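The values are calculated or read from the model by the stated rules, or taken from the named source; none is laboratory data. Just so we're clear, the structure is a prediction, and the values are computed from it rather than from any experiment. FYI the Cβ positions are ideal-geometry reconstructions off the backbone, even for glycines, and counts take in every protein chain you see.
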Amino acid sequence: MTTKNYLQKYISQKVKYFRTQNKMSQEELSEQAGLGLKYINQLENQNVNLTIHSLEKVIVALNLTPEEFFNFDSLESTSDKTDNLSLKRDRKSVE
């Protein structure tokens, strides 16, 4: 995975993960966040460049704080290769 796609993939997967944990449909999330259904779908499928403002709306709609949403430590420590939220980046050594 390239560094360029890391954050986009991380956010997309986190939104989908928390939405399903809250037993919300994409439609329910779009209504709660005040964003379009198509936008939520594109967000989860990494087909949209979201704004900080839109991300904040989604986080609030998911009943999370930004700290809870961006808990990188909980994902970096997992070693389960089948875990979809395991997004540990490949670190290249500096020569």
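Yes/no per residue for (1) modelled with pLDDT of 65 or more; (2) part of a helix (DSSP H, G or I); (3) on the phi > 0 side of the Ramachandran plot:
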| position | (1), (2), (3) |
| --- | --- |
| 12 | yes, yes, no |
| 38 | yes, yes, no |
| 49 | yes, no, no |
| 63 | yes, no, yes |
| 94 | no, no, no |
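Run residue 17 past the list (1) crowded, with 17+ Cβ neighbours inside 10 Å; (2) of a type outside the set (Asp, Glu); (3) part of a helix (DSSP H, G or I) and report the number of the one that doesn't hold.
Condition not satisfied by residue 17: (1).
Can you spot a residue in region 27-35 that is over 11 Å from the mean Cα position of the chain (by Cα), of a type in the set (A, V, I, L, M, F, W, C) and part of a helix (DSSP H, G or I)?
Looking through region 27-35, at least one residue is over 11 Å from the mean Cα position of the chain (by Cα), of a type in the set (A, V, I, L, M, F, W, C) and part of a helix (DSSP H, G or I).
Just to be sure, is residue 55 surrounded by 12 or more Cβ atoms within 10 Å (Cβ to Cβ), part of a helix (DSSP H, G or I), within 15 Å of the chain's Cα centre (by Cα) and at pLDDT below 85?
no
Just give me the residues in region 27-52 being charged (D, E, K, R) and surrounded by 18 or more Cβ atoms within 10 Å (Cβ to Cβ), in sequence order.
44 - this is the single residue of region 27-52 that is charged (D, E, K, R) and surrounded by 18 or more Cβ atoms within 10 Å (Cβ to Cβ).
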